[in-house]
């Protein structure tokens with residue numbers, strides 16, 4: 001479901017060749033050229049559709065606020081709210097109008113109508129914006145910073161597509177902007193609104209680039225670290241996998257648990273990516289196949305990877321190839337589709353009567369999520385902690401297991417960050433450390449348990465061992 005915006009219209013369109021592109025139109029001033037250029041450039045680079053779609057929604061959210069804020073800044077309601085707080089009123093004497101807008105955006109997203117920032121609060125009320133999760137706000141701020149910095153490099157060329165004559169410089173103090181507006185006479189209410197919006201839009205990129213370069217300008221308020229782990233609990237993996245009814249889904253989940261694949265990667269494996277004799281799996285570059293095979297762009301999901309090797313761990317490796325064999329023999333529809341996993345329902349050609357089956361990764365996210373939730377319930381995993389984890393928790397599980405519990409030839413357990421980075425196909429070590437950070441907190445708790453055991457001389461505490469949770473899979477498969 002797309003987000004509704006008050007001040008602009010975002011549309012996903014297709015040309016005569018079926019190529020997807022985005023249109024952004026302000027209700028007052030027309031096309032938002034810079035946003036269209038930025039989003040459509042991502043499509044030309046074959047960035048995953050889900051990524052482009054999310055960033056398009058993020059920027060629509062920002063511009064809805066930005067346009068609303070450019071109007072609210074000069075309203076009697078805002079001036080009255082500012083004058084009620086001496087500290088806020090004093091800041092208006094030294095801050096530019098643009099800075100005030102960008103400064104209010106984080107609170108607008110996090111707090112909505114309850115924001116203590118009068119600009120954010122009034123804009124949230126006017127646009128009916130509700131508070132968002134911290135993770136969503138972090139992503140939106142990242143999308144905004146990427147946009148203004150990338151677009152700033154094209155600012156000179158974009159100026160040719162704008163009519164900047166007679167616009168007001170909004171990079172100056174708000175009081176000066178108001179004074180300039182007051183000096184302009186003989187404008188109707190609509191003409192004044194157009195002038196204000198055009199003036200702010202013309203300065204959004206250059207002004208935004210200056211703001212986003214200020215260290216910690218968009219830093220979110222600190223909150224206590226959550227104790228919730230995002231990885232699938234080690235002790236419940238076997239119980240979950242054996243509750244899955246479909247051989248197809250068992251095989252896909254085994255790839256995610258045992259190879260760290262994203263659900264979009266596992267569900268889009270092709271026959272040529274599998275070496276059954278040597279029991280090997282690899283990924284492929286969707287950016288290339290999307291053009292060679294005319295794959296629908298809207299089905300391209302996932303992130304770029306550093307390499308395409310998959311390192312399956314036991315017992316998931318054996319489990320995967322066993323389930324794959326049964327899937328091919330018992331479940332897979334009779335189809336010459338090059339993709340391994342197919343949707344169960346086909347589409348019948350009215351002229352030829354032939355039934356064609358689409359790859360499973362064409363399925364909607366909601367379809368995949370519903371199946372996941374169904375299997376959790378069937379496995380009896382209904383505690384609150386399971387409602388917070390998604391299919392991506394299987395990839396987290398792989399990182400946690402490889403970084404902390406995987407047995408090594410020398411008798412030690414767990415691989416280094418650099419090794420886990422390779423197994424996870426991360427291009428940056430920073431991405432790998434995110435997974436292990438949660439485990440560090442868990443290990444700290446375990447150290448405290450150890451200290452308690454030492455004090456009470458409970459030597460039996462050490463008789464337990466962290467491995468053995470996965471034997472149920474091997475024994476019952």
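The values are calculated or read from the model by the stated rules, or taken from the named source; none is laboratory data. No experiment lies behind these values; they were computed from the predicted model shown. No Cβ is skipped: glycine too gets one built from the backbone with ideal geometry, and neighbour counts run over all protein chains shown.
For region 36-62, enumerate the residues that are touching a residue at least 60 places away in the same chain (Cβ under 8 Å) and under 20 Å from residue 106 (Cα atoms).
Those that are touching a residue at least 60 places away in the same chain (Cβ under 8 Å) and under 20 Å from residue 106 (Cα atoms): 54, 55, 58, 59, 61, 62.
For region 328-346, name all the residues that are surrounded by 15 or more Cβ atoms within 10 Å (Cβ to Cβ) and not in a loop (DSSP other than H, G, I, E, B).
Answer for region 328-346, where residues must be surrounded by 15 or more Cβ atoms within 10 Å (Cβ to Cβ) and not in a loop (DSSP other than H, G, I, E, B): 328, 331, 339, 342.
Just to verify a result, which residue in region 268-283, among those that are in contact (Cβ under 8 Å) with a residue 60 or more places away in the chain and part of a loop (DSSP other than H, G, I, E, B), is nearest to residue 310 (Cα to Cα)?
First pass over region 268-283, keeping only residues in contact (Cβ under 8 Å) with a residue 60 or more places away in the chain: 268-274, 283.
Filter again for part of a loop (DSSP other than H, G, I, E, B), leaving 268-269, 283.
Details: 268: 14, 269: 12, 283: 7 Å.
That would be 283.
How many residues, within region 14-27, are modelled with pLDDT under 90, assigned to a loop (DSSP other than H, G, I, E, B) and touching a strand residue (DSSP E or B) at 6+ places or on another chain (Cβ under 9 Å)?
Within region 14-27, residues that are modelled with pLDDT under 90, assigned to a loop (DSSP other than H, G, I, E, B) and touching a strand residue (DSSP E or B) at 6+ places or on another chain (Cβ under 9 Å) number 1.
Report yes if residue 10 is surrounded by 13 or more Cβ atoms within 10 Å (Cβ to Cβ) and touching a residue at least 60 places away in the same chain (Cβ under 8 Å), otherwise no.
On the way: surrounded by 13 or more Cβ atoms within 10 Å (Cβ to Cβ): yes; touching a residue at least 60 places away in the same chain (Cβ under 8 Å): no.
Criteria not met by residue 10.
If you check 333, 359, which single one turns out to be within 28 Å of residue 240 (Cα to Cα), in contact with a strand residue (DSSP E or B) (Cβ under 6 Å, 6 or more places away or on another chain) and modelled with pLDDT under 90? Spell out how you get there, then give the answer.
Details: 333 fails: modelled with pLDDT under 90.
Among 333, 359, only 359 is within 28 Å of residue 240 (Cα to Cα), in contact with a strand residue (DSSP E or B) (Cβ under 6 Å, 6 or more places away or on another chain) and modelled with pLDDT under 90.
Scan region 72-113 residue by residue and report those that are in a helix (DSSP H, G or I), loosely packed, with under 13 Cβ neighbours inside 10 Å and in contact (Cβ under 8 Å) with a residue 12 or more places away in the chain.
Matches in region 72-113: 77 only.
Residues that are outside any helix (DSSP H, G or I) and in the same structural domain as residue 283 (by TED's automatic domain parsing): does region 360-374 have at least one? Walk me through how you get there before you give the answer.
Kept after step one, since they are outside any helix (DSSP H, G or I), are these residues of region 360-374: 363-364.
Filter once more, keeping what is in the same structural domain as residue 283 (by TED's automatic domain parsing): 363-364.
The answer is yes; a qualifying residue exists.
Any residue at all in region 275-289 that's in contact with a helix residue (DSSP H, G or I) (Cβ under 7 Å, 6 or more places away or on another chain), under 26 Å from residue 374 (Cα atoms) and at pLDDT 85 or above?
Looking through region 275-289, none of the residues is in contact with a helix residue (DSSP H, G or I) (Cβ under 7 Å, 6 or more places away or on another chain), under 26 Å from residue 374 (Cα atoms) and at pLDDT 85 or above.
I'd like the full set of residues that are in a loop (DSSP other than H, G, I, E, B), at pLDDT below 85 and surrounded by 15 or more Cβ atoms within 10 Å (Cβ to Cβ), limited to region 389-414.
Residues of region 389-414 in a loop (DSSP other than H, G, I, E, B): 389-392, 405-406, 408-412, 414.
Pick out the ones that are also at pLDDT below 85 and you get 405-406, 408-412, 414.
Correct list: 405, 406, 414.
Just checking, which of 128, 117 is modelled with pLDDT of 90 or more, exposed (fewer than 13 other Cβ atoms within 10 Å of the Cβ), under 27 Å from residue 35 (Cα atoms) and out of contact with any strand residue (DSSP E or B) (no Cβ under 9 Å at 6 or more places or on another chain)?
Within the list 128, 117, the selection yields 128.
Has region 30-48 got any residue that is buried (at least 23 other Cβ atoms within 10 Å of the Cβ), at pLDDT 90 or above and in contact with a strand residue (DSSP E or B) (Cβ under 6 Å, 6 or more places away or on another chain)?
Yes, region 30-48 contains a residue that is buried (at least 23 other Cβ atoms within 10 Å of the Cβ), at pLDDT 90 or above and in contact with a strand residue (DSSP E or B) (Cβ under 6 Å, 6 or more places away or on another chain).
When residue 65 is evaluated against the numbered criteria (1) under 24 Å from the mean Cα position of the chain (by Cα); (2) modelled with pLDDT of 85 or more; (3) over 22 Å from residue 195 (Cα atoms), which criterion, by number, is the only one it fails?
It is condition (3) that residue 65 fails.
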